[in-house]
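The values are calculated or read from the model by the stated rules, or taken from the named source; none is laboratory data. Note that the coordinates shown come from a computational prediction; the quantities given were computed from them, not determined experimentally. Neighbour counts run over all protein chains shown; Cβ positions are idealised from the backbone, glycine included. The accessibility values were calculated without ligands, DNA or RNA, using every heavy atom of the protein model including side chains. Shrake-Rupley method; radii C 1.70, N 1.55, O 1.52, S 1.80 Å.
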Amino acid sequence: MLTWIALVIVVVMLVAAVLVLTLRSFVAAVAATAVVGLALSVLYVLLQAPDVAMTEAAVGAGLSGVILALALRRLGLWQLDDGDAVVLKPASGRAGAGGDADA
Amino acid sequence: MIPLSLETVSYAGAIGLVVIGGLGLVICNHLFRMLLALAMAESGANLLLVLTGFRDGAIAPIIGYGPAGAPLVDPLPQVLVLTAIVIGVGVQALAVAVLVRVYRSYGTLDMRELRRRMEGEIAAAAGIAAPGSAQAPLGQRPLPPVPDYELVRRSAPVRERGA
Amino acid sequence: MPMRDIASLVFSAGLLFLLLVIGAELALGHPDMRVGAEYLRVAGPELGAANIVTAILAGYRGFDTLGELSILFAAATAASLVLGHRRADARRDPPGGLVLSAGADLLFPLLLVVGIFIVVHGHLTPGGGFQGGVILAAAFFVALLANPARTLNHALLGWIEGLAGAAFILIGLWALVEDGHFLTPLLPLGTMGELVSAGTLPLLSVAIGLKVGAELAGLLAHLADTEAPDR
Amino acid sequence: MTLYAITLNPLETAAFVLLGLALLLALVRLVLGPRAPDRVVASDTLTVITTTGIAGLALLFDNPLFLDVALVYGVLSFIAIVAIARAIDGTGESRGERDGADGDRS
């Protein structure tokens with residue numbers, strides 16, 4: 001049973017890790033980083049390490065997300081994407097800024 | 001055949017995280033994405049360390065919970081990883097501060113663009129033309145520097161006069 | 001796709017395969033515990049802390065924790081130094097809406113209580129100085145998130161941080177005078193599982209919590225105070 | 001498994017299967033979500049499901065210590081998501097320009 005839970009969590013973690021590299025929008029990449037921290041926290045719980053799980057939850061999901069989100073604004077990376085956000089090769093620059101015209 | 005168990009699945013996850021993070025560090029051109037990849041590789045290493053302390057059928061290393069006499073997992077890797085996670089977030093904050101500074105100075109975080117601008121700035125300060133790429137087509141490649149003996153001879157007395 | 005990317009892809013795939021093959025040979029799940037088994041056997045009776053991880057972190061390896069605190073201090077100081085001061089006429093982020101402001105006011109006491117709980121019960125339940133410190137820093141940062149124009153008192157934060165760090169070292173020096181070893185746990189152990197037990201470990205935990213909390217709150221406030229570029 | 005074996009009754013099994021399905025559905029939204037706000041909301045959904053999952057694991061291990069992890073996780077992931085949302089909020093064409101213009105004038 002624990003194996004299957006771990007399998008689902010590892011799949012979520014690796015998919016989110018690949019998304020961090022391939023998403024064009026940096027806002028979404030930071031959200032995917034938070035998902036990686038979340039999956040790691042559950043894995044630490046499964047590995048019977050509540051202290052490490054709590055640290056990862058507080059630092060990896062909370063504090064690190066806050067620092068990166070603050071950095072997004074200060075680095076001018078918060079522009080929203082246009083649509084086709086998954087690219088084959090890691091995107092580098094800023095995407096078009098008119099994505100939220102229909103919001 | 002590798003058996004499918006909690007340990008092997010976690011091991012695969014840790015290795016995958018390290019490899020994806022390392023790959024991102026090499027392939028990505030954007031400094032912020034490299035920071036994200038670095039954080040992921042670090043997390044994978046932490047998971048690997050915690051995994052080394054895990055024992056089958058053992059419970060969390062806190063006395064007084066669970067059945068009496070049950071084995072406890074190895075607490076030492078957990079302590080080391082606790083330290084590593086907290087230091088990792090300190091490093092991340094410092095890296096973000098440096099990135100803010102770089103962005104303020106050069107207006108970009110793309111590695112190629114950043115290198116071009118920095119080389120342009122250095123070249124402007126040195127008073128020479130900005131160098132081109134070594135991988136450019138044949139006609140646009142920078143020529144190897146030729147020592148200019150005339151310039152050396154002319155500049156030597158100037159330095160003497162200044163001293 | 002340039003040659004360099006293909007080469008790094010191939011290299012990563014090879015590394016992945018190699019590590020997976022090594023993993024098939026490892027004795028995962030049956031570790032050879034030498035130091036860890038000794039800690040598990042000795043830590044309970046010697047330090048009186050139910051949480052062995054905290055016992056090792058603050059008791060047996062307190063010196064490492066002191067080094068970690070100084071690394072964190074150096075990182076926070078360097079980040080503040082690199083970020084520099086804010087221009088007086090720089091644009092601020094607009095304040096959050098009603099929901100966020102009300103939610104921040106409601107969340108602040110909850111976060112404070114959770115943080116203090118985690119710090120104080122560090123020797124009994126999972127948690128301790130670092131985790132509780134992070135939660136305390138988050139508690140003070142939420143108000144800033146709702147209204148960016150608000151500022152934290154950096155001088156007060158600096159005082160708290162300095163006094164907490166000094167308290168950690170003073171406890172260590174006290175142990176040096178009393179027992180001959182730096183950071184040896186002192187004081188009667190009490191009964192395991194009660195709040196006041198485990199000697200000086202809770203005091204060290206509180207010192208770590210205050211220091212980390214003040215440091216990270218100052219760092220987050222400084223980062224939030226940095227001016228954002230215009231579009 | 002020595003002293004510590006885990007057995008699940010059918011109800012708990014069903015609960016965990018449902019949690020796993022919810023996790024995978026939210027993951028699909030994270031991968032497919034056409035725009036960045038969709039992905040941020042998917043990440044928030046994942047954190048809520050995971051908090052529930054950690055509480056369920058505390059039940060499974062019969063160990064109340066893991067509830068502390070769920071508590072800390074639930075509180076702090078909320079703050080992180082709010083911070084990410086604040087990074088997007090107030091910067092678009094609709095509201096941020098107006099507010100910023102007002103701030104500049106005063």
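Here C:I56 meets the list (1) more than 7 Å from chain B (Cβ to nearest Cβ); (2) touching a Phe, Trp or Tyr at 6+ places or on another chain (Cβ under 9 Å); (3) at pLDDT 75 or above almost entirely, failing just condition (1). Taking the conditions exactly as written (open to solvent by 10 Å² or more (accessible area, probe 1.4 Å), assigned to a helix (DSSP H, G or I), under 24 Å from B:V79 (Cα atoms) and at the interface with chain D (Cβ under 9 Å from one of its Cβ atoms)), does A:I9 satisfy them or not? Yes.
Of all residues in the range B:48-69, at least one satisfies being among the aliphatic types (A, V, I, L, M), within 10 Å of chain C (Cβ to nearest Cβ) and in a helix (DSSP H, G or I).
So that you can scan it fast, the table gives a plain yes or no per residue for (1) within 24 Å of the chain's Cα centre (by Cα); (2) small (G, A, S); (3) closer than 29 Å to C:S197 by Cα:
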position	(1), (2), (3)
C:R41	no, no, yes
C:A49	yes, yes, yes
C:V53	yes, no, yes
C:Y60	yes, no, yes
C:D64	yes, no, yes
C:L72	yes, no, yes
C:A79	yes, yes, no
C:G103	no, yes, no
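Scanning the range A:30-42 for residues that are within 7 Å of another protein chain (Cβ to nearest Cβ) and over 10 Å from the mean Cα position of the chain (by Cα) yields a count of 3. Restricting attention to the range B:1-38, the residues that are more than 20 Å from A:A6 (Cα to Cα), more than 7 Å from every other protein chain (Cβ to nearest Cβ) and open to solvent by less than 20 Å² (accessible area, probe 1.4 Å) add up to 2. Considering the conditions (1) touching a residue at least 12 places away in the same chain (Cβ under 8 Å); (2) closer than 19 Å to B:G21 by Cα, B:P71 is excluded by exactly one of them, (2). Among the residues of the range B:2-33, none is identified as in contact with a strand residue (DSSP E or B) (Cβ under 9 Å, 6 or more places away or on another chain) and hydroxyl-bearing (S, T, Y).
Among the residues of the range A:22-54, those that are surrounded by fewer than 24 Cβ atoms within 10 Å (Cβ to Cβ) and in contact (Cβ under 8 Å) with a residue 60 or more places away in the chain comprise A:T22, A:R24. Being outside any loop (DSSP other than H, G, I, E, B), within 21 Å of the chain's Cα centre (by Cα), over 30 Å from C:G103 (Cα atoms) and free of Cβ contacts under 8 Å to residues at least 60 places away in the same chain is a property that does not hold for C:A175. Scan the range B:70-78 and give yes if some residue there is in contact with an Asp or Glu (Cβ under 8 Å, 6 or more places away or on another chain) and either facing chain C (nearest Cβ under 10 Å) or at pLDDT 90 or above (or both), otherwise no. Checked the range B:70-78: at least one residue is in contact with an Asp or Glu (Cβ under 8 Å, 6 or more places away or on another chain) and either facing chain C (nearest Cβ under 10 Å) or at pLDDT 90 or above (or both).
Given the criteria part of a helix (DSSP H, G or I), farther than 21 Å from B:V86 by Cα and more than 9 Å from chain B (Cβ to nearest Cβ), does A:V27 qualify? Considered against the rule, which asks whether it is part of a helix (DSSP H, G or I), farther than 21 Å from B:V86 by Cα and more than 9 Å from chain B (Cβ to nearest Cβ), A:V27 comes out as yes.
Here C:A143 meets each of (1) among the small types (G, A, S); (2) within 15 Å of C:A58 (Cα to Cα); (3) in a helix (DSSP H, G or I) with one exception, condition (2). Please work out if D:T47 is outside any loop (DSSP other than H, G, I, E, B), within 9 Å of chain A (Cβ to nearest Cβ) and either crowded, with 17+ Cβ neighbours inside 10 Å or modelled with pLDDT of 90 or more (or both). Yes; evaluated as a whole, the condition is true for this residue.
Every condition in (1) in a loop (DSSP other than H, G, I, E, B); (2) within 12 Å of chain B (Cβ to nearest Cβ) is met by C:R41 except one, and the failing one is (1). Does the range D:87-100 contain at least one residue that is open to solvent by less than 10 Å² (accessible area, probe 1.4 Å), modelled with pLDDT of 85 or more and in contact with a helix residue (DSSP H, G or I) (Cβ under 9 Å, 6 or more places away or on another chain)? The answer is no; no qualifying residue exists. Assigned to a helix (DSSP H, G or I), open to solvent by 40 Å² or more (accessible area, probe 1.4 Å), under 21 Å from C:I118 (Cα atoms) and more than 7 Å from every other protein chain (Cβ to nearest Cβ), is that true of D:L67? For D:L67, the condition - assigned to a helix (DSSP H, G or I), open to solvent by 40 Å² or more (accessible area, probe 1.4 Å), under 21 Å from C:I118 (Cα atoms) and more than 7 Å from every other protein chain (Cβ to nearest Cβ) - is met.
Of the residues that sit in the range B:95-113 and are aliphatic (A, V, I, L, M) and at pLDDT below 85, which one is farthest from C:R86 (Cα to Cα)?
If we filter the range B:95-113 for residues that are aliphatic (A, V, I, L, M), which is where we start, we get B:95-100, B:102, B:109, B:111.
Those left that are additionally at pLDDT below 85: B:109, B:111.
On the way: B:L109: 21, B:M111: 27 Å.
Here the answer is B:M111.
Residue check: is D:A42 closer than 19 Å to A:G37 by Cα and free of Cβ contacts under 8 Å to residues at least 60 places away in the same chain? Yes: the conditions hold for D:A42.
All of C:H30, C:H85 fail the test of being assigned to a loop (DSSP other than H, G, I, E, B), more than 19 Å from B:L80 (Cα to Cα), free of Cβ contacts under 8 Å to residues at least 12 places away in the same chain and more than 7 Å from chain B (Cβ to nearest Cβ), apart from C:H85.
Scanning the range C:59-75 for residues that are surrounded by 15 or more Cβ atoms within 10 Å (Cβ to Cβ), more than 22 Å from C:A43 (Cα to Cα) and more than 7 Å from chain B (Cβ to nearest Cβ) gives C:L69, C:F73. Output yes when any residue across the range C:207-217 is open to solvent by less than 30 Å² (accessible area, probe 1.4 Å) and modelled with pLDDT under 85, and no when none is. Scanning the range C:207-217 turns up no residue that is open to solvent by less than 30 Å² (accessible area, probe 1.4 Å) and modelled with pLDDT under 85. All told, B:N46 falls short of being surrounded by fewer than 20 Cβ atoms within 10 Å (Cβ to Cβ) and under 30 Å from C:S12 (Cα atoms).
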